[in-house]
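What follows is one structure encoded as structure tokens, with my remarks underneath.
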Amino acid sequence: MDKGFQQQENRATLHPAPQRIGPTGAKELAMNQKTLGVGLLVVGGLLFLVSAAADTIGVGAAPGFGWKQITGVIAGVVLAAVGASRLRPANRG
């Protein structure tokens with residue numbers, strides 16, 4: 001084993017990255033959930049639009065609404081729905 005690699009490995013195990021616990025950790029997690037939700041919503045919307053308009057914009061393989069377009073539309077709607085659900089505040093009841 002290379003000594004340089006072994007020293008790097010030892011340093012990584014001796015000083016792990018600090019874990020954030022408590023109110024700031026929960027706030028960061030909430031912000032990450034919101035960012036993830038927005039990202040999924042945007043990607044899902046774009047996938048839906050490109051799949052639905054594939055023939056119109058010239059990326060469709062064959063004329064008509066094929067199975068790839070149907071799959072893209074369904075996947076886009078599912079991703080957008082998951083993203084939208086991540087944007088809703090959690091119930092604290």
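The values are calculated or read from the model by the stated rules, or taken from the named source; none is laboratory data. In this text, all values refer to a predicted model and were calculated from it rather than measured experimentally. Counting neighbours? That spans all protein chains shown, and the Cβs are built from the backbone with ideal geometry, glycine included.
Within the stretch 59-85, the set of residues being modelled with pLDDT under 90, surrounded by 14 or more Cβ atoms within 10 Å (Cβ to Cβ) and either of a type in the set (Lys, Arg) or touching a helix residue (DSSP H, G or I) at 6+ places or on another chain (Cβ under 7 Å) (or both) comprises just one member, Gly60. Residues that are loosely packed, with under 13 Cβ neighbours inside 10 Å, at pLDDT 65 or above and either outside any helix (DSSP H, G or I) or among the β-branched types (Val, Ile, Thr) (or both) within the stretch 13-53 comprise just one, Thr35.
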